[in-house]
């Protein structure tokens with residue numbers, strides 16, 4: 001009895017000493033590392049969190065964080081069955097596995113298996129050490145128990161999936177899956193999952209890019225163990241063994257490389273950059289740009305910008321045909337390069353003319369030889385169409401009518417209006433805005449031009465383009481043209497003849513070709529998206545025969561086709577839109593006469609005396625708005641008065657009249673006399 005008590009006391013003391021010793025050892029290890037200090041790869045992701053482009057760590061490692069829901073559950077089940085069958089039940093250490101490892105070491109005189117659990121491996125990865133001693137193993141055991149108590153099973157498993165070695169500079173299952181298979185780990189096949197389960201045990205010896213046979217053998221052993229455990233049918237395992245092993249590594253994703261570079265430059269300390277880019281659309285349009293550039297020639301590049309015109313978010317931005325093609329200057333961002341737009345500015349000239357009440361889409365206009373001092377504009381094909389409608393003139397991109405309208409609305413006014421909307425035009429040094437602007441004698445960026453067209457699509461209000469979701473903040477829209485004029489532009493451009501083999505009437509679009517065939521443009525929109533396309537040489541050299549219609553137009557229509565969505569109809573006409581044939585238009589709107597504002601006699605000039613341009617008019621506080629007085633001097637009767645493009649009833653001999661505004665907002669008031677002279681003011685009713 002005394003002996004048994006003595007032995008019990010000795011055993012208890014030994015147990016207490018062991019516990020105290022382990023506690024002392026654990027305390028000596030210092031704070032528990034949980035992975036917070038680890039450096040992971042910087043990621044650039046799209047609007048849905050899909051990977052666009054990762055960047056290696058400063059040490060040159062690919063270490064991509066991954067969550068459990070980012071990995072195929074079958075892959076996780078296979079990993080646990082092969083690596084740590086009792087992971088869900090043990091406290092971080094598997095006594096059975098440790099006992100087996102100790103027995104093998106004792107009987108064979110060498111380490112056959114380490115008995116390490118996944119949690120112990122995570123402990124080793126968090127505190128890497130090269131020695132393989134009992135002290136090191138004890139350290140892993142203690143840390144494993146601490147990790148499970150502190151983090152829990154799922155977080156430990158996520159750490160393993162993010163840190164496990166897969167050969168070379170690949171760490172974590174996501175980096176390995178992207179590098180070896182070119183896909184995310186949620187989309188792995190059975191054979192691919194088995195290979196990635198086998199690699200961390202001997203990542204260098206089993207690397208498929210260096211030893212395909214060793215990789216295959218390791219993969220098949222995993223499959224055999226899975227089949228033996230009854231987790232998968234034998235026929236599926238047999239089929240998986242027939243799959244080949246990748247012979248090399250694939251490049252990491254590099255979608256939207258220019259956008260990714262700019263996001264990193266703007267916030268270098270940020271680890272995850274979220275862009276407005278839509279990854280599937282970006283990939284489709286990058287492929288399109290690459291294909292078309294190769295077909296057009298070895299020095300040609302293509303740039304594309306796709307925008308959601310309701311929000312201004314950039315959905316895709318292809319800044320060059322191939323980022324890695326030095327001959328095409330692939331790293332030059334052609335969406336931000338200043339280039340001549342050719343005829344792509346014409347819709348804004350027509351928009352100002354619509355807004356001013358100078359013309360209507362059904363107004364007749366002359367396309368005949370004309371001279372402005374020493375300047376005599378000609379059409380692209382060196383022919384003249386005679387008398388055409390304004391609608392037809394814009395659809396055919398006739399130069400003479402566009403120059404005539406710009407002469408009336410004013411080149412400086414056009415330049416100021418576009419700059420006010422956020423897209424300043426760049427003129428040659430020392431030059432002032434002139435009539436050559438109608439044909440592209442200025443510089444503009446593809447991104448800015450696409451933004452302007454998106455403003456037309458959204459009813460005349462331009463919102464700044466947004467590409468980085470992290471820095472996005474609501475910004476006020478800027479007025480470009482009034483809603484009726486914007487709708488008229490879209491309505492006219494929808495009827496532009498489509499490129500060969502394309503379906504017309506589904507998008508509103510305009511092309512442009514710069515002087516000397518240096519730049520080809522095509523910008524179009526439907527009810528949801530605006531897409532701009534530029535084609536040319538980045539160095540500005542001419543390309544024989546390159547035009548907007550044949551070079552950029554087909555790419556634009558293909559871009560809409562590859563967006564994966566059927567084009568959406570344009571918005572309905574806003575209130576105040578005038579629908580009329582030419583014969584039913586007010587007389588001054590039936591035929592535009594370029595010299596109509598030049599006085600031929602001694603009549604006093606036509607002037608709107610009240611309200612003055614830029615005036616603010618207060619509405620009544622309640623009830624029906626008070627009529628607004630309109631006072632006119634000069635001109636030859638009969639007079640035609642239009643408010644926002646709609647005619648207002650007048651009486652012969654009356655130079656003071658009244659009209660009722662619809663409500664608060666901006667009003668364009670235009671008066672024309674019998675000789676076609678006109679005056680116009682913009683007032684704000686509030």
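The values are calculated or read from the model by the stated rules, or taken from the named source; none is laboratory data. Nothing here was measured: the structure is a model prediction, and the numbers come from that model. Don't worry about glycine lacking a Cβ; one is built from the backbone with ideal geometry, like all the others, and counts go over all protein chains shown.
For this structure, a couple of remarks:
- Only one of the numbered conditions (1) surrounded by fewer than 18 Cβ atoms within 10 Å (Cβ to Cβ); (2) in contact with a helix residue (DSSP H, G or I) (Cβ under 8 Å, 6 or more places away or on another chain); (3) farther than 14 Å from residue 346 by Cβ is violated by residue 421, and that is (1).
- Criterion (modelled with pLDDT under 90, part of a helix (DSSP H, G or I) and within 54 Å of the chain's Cα centre (by Cα)) met by exactly one of 13, 27: 27
- In the stretch 184-198, the residues that are outside any helix (DSSP H, G or I) and closer than 15 Å to residue 69 by Cα: 184, 188
- Scanning the stretch 558-580 for residues that are modelled with pLDDT of 95 or more and touching a strand residue (DSSP E or B) at 6+ places or on another chain (Cβ under 8 Å) returns 559, 560.
- Residue ID - surrounded by the most Cβ atoms within 10 Å (Cβ to Cβ), chosen from residues in the stretch 655-676 that are within 46 Å of the chain's Cα centre (by Cα) and on the phi > 0 side of the Ramachandran plot: 665
- Verdict on residue 210 being surrounded by fewer than 21 Cβ atoms within 10 Å (Cβ to Cβ), modelled with pLDDT of 95 or more and over 25 Å from residue 86 (Cα atoms): no
- Taking the stretch 340-442 and the helices (runs of 4 or more DSSP H) fully enclosed by it, the elements with 3 or more residues that are touching a residue at least 24 places away in the same chain (Cβ under 8 Å) and under 23 Å from residue 458 (Cα atoms) are at 346-356, 390-395, 411-420.
- Boolean, residue 502 is in contact with a helix residue (DSSP H, G or I) (Cβ under 6 Å, 6 or more places away or on another chain), outside any strand (DSSP E or B) and touching a residue at least 24 places away in the same chain (Cβ under 8 Å): yes
- Exactly one residue out of 188, 163 is under 14 Å from residue 79 (Cα atoms) and in contact with a helix residue (DSSP H, G or I) (Cβ under 7 Å, 6 or more places away or on another chain): that is 188.
- Within the stretch 63-96, being free of Cβ contacts under 8 Å to residues at least 40 places away in the same chain and in contact with a helix residue (DSSP H, G or I) (Cβ under 7 Å, 6 or more places away or on another chain) holds for one residue alone: 84.
- Any hit, the stretch 303-322, residues being under 26 Å from residue 547 (Cβ atoms), surrounded by fewer than 22 Cβ atoms within 10 Å (Cβ to Cβ) and touching a helix residue (DSSP H, G or I) at 6+ places or on another chain (Cβ under 6 Å): yes
- Remark: residue 122 falls outside the filter, which requires a residue to be over 26 Å from residue 175 (Cβ atoms), at pLDDT 80 or above and crowded, with 18+ Cβ neighbours inside 10 Å.
- Residue list for the stretch 454-483, filter: assigned to a helix (DSSP H, G or I), crowded, with 23+ Cβ neighbours inside 10 Å and either in contact with a helix residue (DSSP H, G or I) (Cβ under 8 Å, 6 or more places away or on another chain) or modelled with pLDDT under 95 (or both): 455, 456, 457
- Of the residues making up the stretch 221-238, those that are in contact (Cβ under 8 Å) with a residue 40 or more places away in the chain and part of a helix (DSSP H, G or I) are 222, 225, 226, 236, 237.
- Only one of the listed residues (543, 568) is in contact (Cβ under 8 Å) with a residue 40 or more places away in the chain, out of contact with any helix residue (DSSP H, G or I) (no Cβ under 7 Å at 6 or more places or on another chain) and over 18 Å from residue 525 (Cα atoms). That residue is 543.
- The set of residues from the stretch 251-265 being surrounded by 13 or more Cβ atoms within 10 Å (Cβ to Cβ) and farther than 21 Å from residue 559 by Cα comprises 252, 253, 260, 261, 262, 263, 264.
- Every condition in (1) free of Cβ contacts under 8 Å to residues at least 40 places away in the same chain; (2) closer than 30 Å to residue 291 by Cα; (3) not in a loop (DSSP other than H, G, I, E, B) holds for residue 315 except the one numbered (1).
- Of all residues in the stretch 243-253, at least one satisfies being outside any helix (DSSP H, G or I), in contact (Cβ under 8 Å) with a residue 60 or more places away in the chain and in contact with a strand residue (DSSP E or B) (Cβ under 7 Å, 6 or more places away or on another chain).
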